[in-house]
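Structure record follows, encoded as structure tokens.
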Amino acid sequence: MKTAILTDSASYLTPAEADQLQVTMLPITVIFGEEVFLENETITAPEFYQRLHQVDKLPTTAQITMQQMEAAFFQLAAAGFDEVICINLSSGITTFYENLCQYAPQVTEIKVYPFDSRIASAGEADLVRYTQSLVDQGQHAAEILPQLTAFRATIGVDFAVDNLQHLLRTGRLSNASAILGSLLQVKPILQFDEAGKIVAVAKERTMRRALTHALHDLVAAQAAVDYPLQVTVIDGNAPLTSQHWQEQVREQFPTMTVQVSHIGPTIGVHTGEGVMGLLWSRDWQKQTTAGE
């Protein structure tokens, strides 16, 4: 039995890391007017953000098609894989997971196991890395999926957008009415709820205060569990702000594993430029090392 892992470009694994992990990462489509691009293949993050400043009509996205999935499944089967675990964008912000669940029984060349990440970006990446560690131990989908569900429950995130209009325009903010009106200039603290939908949970006036809020939530998250957490600093084309957030996290949590992730085109369509966030999850690597 040979197990493959598939994810999408919204996980923001670098192509090099995806290759190292032997993970199939399919590109999501970004559309500027009549021009269609594939994330990481025909448009890069710097090119995307540059275009954002040059266009009047904001871009849109199109989810991965079942035809793209079918081609990937065929290639994986031809490479000798018997099953594939698919870790993709949250069902709370796209219908992809639902579509894949309906399509999976029709696939005959390889057994398909859809898994709802209920998250995006670095949360997807954490799930992928953890899954690959279990595959490396010789485990298969039936054993892995319950552990993935348990790991997903350890993931938390606070993020703030610099401009709320993008999320309002694309309809990805579930409780938009809570922060409309005169509060459009605030930096709302956003999270993914248990259903994988984006919700506003608090309001801060500046990114500095958003960082303070996120650090407070990270402190509370670590205090609530008996295992070490790892944290990822996420930014959308905001390198200087990211550097400051990294420094503050490392100062407050000197022993915590700190990673960095960058929001690219397909999530950037919905968040705009300047989004910042902290995402944490169980540090399974430290637990494994401690147990050896």
Whole-Hz couplings from phi, Karplus 6.51/-1.76/1.60, listed for the range 252-257; x for Gly and Pro:
7, 10, x, 9, 7, 5
What residues have an amide H closer than 5 Å to that of Gly272, excluding those fewer than 5 places away on the same chain, when H is modeled at 1.01 Å from N in the peptide plane?
none
Stokes-Einstein D for the chain (10 °C, 1.306 mPa s, Kirkwood Rh from Cα pairs), in µm²/s, comes to 81 µm²/s
Can you give the helix-only mean residue ellipticity at 222 nm for the chain, where every DSSP H stretch with n ≥ 4 adds -39500 (n - 2.57) and the sum goes over all residues, rounded to the nearest 500 deg cm²/dmol?
-11500 deg cm²/dmol
For Lys203, what is the net charge nearby, where nearby means another residue's Cβ is under 13 Å from its Cβ and Lys, Arg count +1, Asp, Glu -1?
+1
Over the chain, with a Gaussian network built from C-alpha contacts below 10 Å, which listed residue (Gln259, Gln137, Gln75) shows the highest mean-square fluctuation?
Gln137
What percent antiparallel are the DSSP beta bridges of the chain, to the nearest 5?
55 percent
At most 14 other Cβ within 10 Å, DSSP loop - GluC sites (Glu not before Pro), the range 9-94:
Glu34, Glu41
Please report the relative contact order for the chain, taking Cα pairs under 8 Å with a sequence separation of at least 6, and give it as a percent rounded to a whole number.
21 percent
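To the nearest 20 debye, what charge dipole does the chain have about its Cα centre, counting +1 at the Cβ of each Lys and Arg and -1 at the Cβ of each Asp and Glu?
Charge dipole of the chain: 820 debye, to the nearest 20.
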Once the dipole of the chain is set up with Lys and Arg at +1 and Asp and Glu at -1 on Cβ about the Cα centre, which of Ile263, Leu76, Leu26 lies farthest towards its positive end?
Ile263
Radius 9 Å from Cβ of Gln230, net charge of other residues (Lys, Arg +1; Asp, Glu -1)
0
Between Asn88 and residues 5 or more places away or on another chain, which pairs have amide H atoms under 5 Å apart, with H built 1.01 Å from N, and which residues are they?
Phe115, Ser117
Work out, in µm²/s and without decimals, the Stokes-Einstein translational diffusion coefficient of the range 187-292 at 37 °C, 0.692 mPa s, Rh from Kirkwood over C-alpha pairs.
223 µm²/s
For the chain, please report how many Lys pairs fall under 27 Å Cα to Cα, leaving out neighbours fewer than 8 apart on the same chain.
6
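Here, each number is a calculation from the coordinates, and none is a lab measurement. These numbers were taken from a predicted model, which means no experiment stands behind them. Methodologically, a virtual Cβ is constructed for each residue, glycine included, from the backbone with ideal geometry; neighbour enumeration extends over all protein chains shown.
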